[in-house]
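The values are calculated or read from the model by the stated rules, or taken from the named source; none is laboratory data. All figures in this text were calculated on a predicted structure; none of them were measured in a lab. Neighbour counts run over all protein chains shown; Cβ positions are idealised from the backbone, glycine included. Surface accessibility is based on the protein's heavy atoms, side chains included, excluding ligands, DNA and RNA. Shrake-Rupley method; radii C 1.70, N 1.55, O 1.52, S 1.80 Å.
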Amino acid sequence: MDTVWSTYIQKIGTLYLSRSLRFSDFFKESYIDTFMIDDKHRILEIGCGPGALTQSIHRWYPNAEIIGTDRDSEFIAFASKQAATIKFIQADATSLPFSDSSFDATISNTVQEHIEPSKFFGEQYRILKPNGVCLVLSARGGINIQAPCIIEQTELEKEIYKRTEKYFKEVDKKYNVCAYPLSELELPLTMQEYGFNNVSTSYLTINLTPDNPEYTKEMAYAMINTNRQIELDNIDLLPLIAPKIITLDEIDELKQIKNAKYDKRLHLYDKGVKQWDTNMSLVMVLRGTK
């Protein structure tokens, strides 16, 4: 079993909820127009995490065979329970358990930067059929502005984050998180280097702003509570990555502070008091054919 990512880097709640929003059906047409893949294809998602994007692909391409893989067994177990009709397999992206030329399309989201390029692109090239499509989704910065009722930190928050900041950096270094970053220029050149043709790039803006009137109350609530879950998950990481640096009482108090802030944010939303907090992500979509 391999549970490094779900234990020390990103919890299931963080990945599942954030990806459920970013790959919501609200943005379906933008993704479909950019992907340009056939509904009857056999599609593999590499590094599927807890399966949120896999489920979206399954909805968007109902006639396709969808398979999701991830190295983390906790992610695979969760994904399998959430979507029993989709096949999820625990597998390493550098050594996939599939024969040559067995998929029409591969897709990955924020995976490339963690894997040595020759292995990342080489393995996908191997399993793709002739003229098969490789789709690489890469987060390219964005804008993240917290609500005024959330951004102001208490003295306890400031003190704990100062005390534990270095431990997050040490974990990233230990597990090669973002060890192979490629720029917007380097990504398409690298895809070409490993044999792909017709390489193209697109950029999608995913705007998650609860106060935008285009979003339903349900989706606005999901945006706010997803940010809550991310903060609570990061707190739960502290005893694991920084043992003996923070007490259980401090963790409980920190969670109470965070929950109170997000409860207030929901209250303000219900009252129609605009905060204009936003999480705008820029997604680079790299597309190439074998």
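Restricting attention to segment 246-275 and to residues that are of a type in the set (D, E) and over 18 Å from T216 (Cβ atoms), the residue that is farthest from the chain's Cα centre (by Cα) turns out to be D249. Of all the criteria given as (1) surrounded by 14 or more Cβ atoms within 10 Å (Cβ to Cβ); (2) within 30 Å of S24 (Cβ to Cβ); (3) among the basic types (K, R), the one not satisfied by R163 is (2).
Among residues that are open to solvent by 30 Å² or more (accessible area, probe 1.4 Å), within 16 Å of the chain's Cα centre (by Cα) and modelled with pLDDT of 95 or more, R42 is not included. Within segment 166-192, being part of a helix (DSSP H, G or I) and open to solvent by 50 Å² or more (accessible area, probe 1.4 Å) holds for K166, F168, K169, E170, D172, K173, K174, E186, L189, Q192. Looking across segment 208-226, the residues that are open to solvent by 50 Å² or more (accessible area, probe 1.4 Å) and either at pLDDT below 95 or not charged (D, E, K, R) (or both) come down to P213, T216, Y221, N225. Can you find a residue in segment 66-74 that is open to solvent by less than 50 Å² (accessible area, probe 1.4 Å), in contact with a Pro (Cβ under 7 Å, 6 or more places away or on another chain), assigned to a helix (DSSP H, G or I) and touching a residue at least 60 places away in the same chain (Cβ under 8 Å)? Looking for residues that are open to solvent by less than 50 Å² (accessible area, probe 1.4 Å), in contact with a Pro (Cβ under 7 Å, 6 or more places away or on another chain), assigned to a helix (DSSP H, G or I) and touching a residue at least 60 places away in the same chain (Cβ under 8 Å), one finds none in segment 66-74, hence no. Screening segment 75-96 for residues that are assigned to a strand (DSSP E or B) and open to solvent by less than 50 Å² (accessible area, probe 1.4 Å) and picking the one that is farthest from S20 (Cα to Cα) gives I89. Taking segment 97-115 as the range and being in contact with a helix residue (DSSP H, G or I) (Cβ under 6 Å, 6 or more places away or on another chain) and farther than 17 Å from S18 by Cβ as the test, the residues that pass are F98, D100, S102, F103, T106, Q112. Given the structure, is P50 closer than 15 Å to D2 by Cα and either more than 19 Å from the chain's Cα centre (by Cα) or crowded, with 19+ Cβ neighbours inside 10 Å (or both)? Here the answer is yes, as P50 does meet what is asked. Considering segment 227-258, the residues that are open to solvent by 50 Å² or more (accessible area, probe 1.4 Å) and among the charged types (D, E, K, R) include one that is farthest from T190 (Cα to Cα), namely D249. Residues that are modelled with pLDDT under 90 and small (G, A, S) within segment 133-190 comprise just one, G141.
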